[in-house]
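The structure appears below as structure tokens.
No value in this document is a laboratory result; all are computed from the given coordinates. Not measured: the values here are computed from a predicted model. Heads up, the Cβs are rebuilt from the backbone with ideal geometry, glycines too, and the neighbour counts pull from every protein chain shown.
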Amino acid sequence: MKFYDFTAKKMNNQEIQMDEYKGKVVLVVNTASKCGLTPQFKELEELYKQYKEQGFEILGFPCNQFAHQDSGSNKEIHEFCLINYGVTFTMFEKIDVNGEHEHPLYKYLKSEVKGLLSNKIKWNFTKFLIDSHGNVIKRYAPTVSPLKIKVDIENLLKK
């Protein structure tokens, strides 16, 4: 399996095939609306606006598995992101990133780039960077500021 083999549902319930992102550099992030790291939405949106014309995409996946910090409906989450952070990058329906009901895409991402002590996603805003060929290049801890990923994004966009 490759990144492009997976599908996910956007907030509007539209099924998206990841192969729509072929040729683009992609950052996949599990998000939460009521987390100490939630302000990262601002930096993520900043990155998206800066690089989207060069072939960069951000895919946000809300998750309620960490201290129930995204308990709202998909509609509530989407509105929160738009109103509070002006999010224009693609947000998908709420998913599980660990456990029995984890989304197949996250099972794949975790198998491609291991975490520090285990494969499990440990908290909201874990980030995976994927190159324009669908290869999972790097995994970033939740506390890594999205703006600290700029150099890696720029290097992949140049290839």
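What to note about this one:
- A cut-off of 5 Å between modelled amide H atoms, ignoring neighbours fewer than 5 places along the same chain, links residue 93 with 9, 10, 11.
- Here the Karplus curve 6.51 cos²θ - 1.76 cosθ + 1.60, taken at θ = phi - 60°, turns the phi angles of segment 24-32 into couplings of 10, 8, 10, 10, 9, 9, 8, 10, 8 Hz, with x standing for Gly and Pro.
- Mean residue ellipticity at 222 nm, helices only, the chain: -8000 deg cm²/dmol; runs of at least 4 DSSP H residues each add -39,500 (n - 2.57), and the sum is divided by the number of residues.
- Global size of segment 68-133: 13.6, 36 Å for Rg and Dmax (C-alpha atoms, Rg to one decimal, Dmax whole).
- The HN-Hα couplings worked out from phi for segment 134-149 by the Karplus form 6.51 cos²θ - 1.76 cosθ + 1.60 (θ = phi - 60°) are x, 8, 7, 8, 7, 10, 10, 5, x, 7, 6, 5, x, 5, 6, 8 Hz, whole numbers, x standing for Gly and Pro.
- Amide hydrogen neighbours beyond the local backbone of residue 138, cut-off 5 Å, H modeled: 129
- Table column - 3J(HN,Hα) (Hz), segment 79-89, Karplus curve with 6.51, -1.76, 1.60, x for Gly and Pro: 5, 4, 5, 5, 5, 7, 10, x, 4, 10, 6
- Highest mean packing comes first when the peptides 130-140, 47-57, 5-15 are listed by Cβ atoms within 10 Å, giving 130-140, 47-57, 5-15.
- For q = 0.10, 0.12, 0.14 Å⁻¹, Debye-computed log10 I/I(0) when each Cα of the chain counts as one equal scatterer: -0.31, -0.45, -0.63
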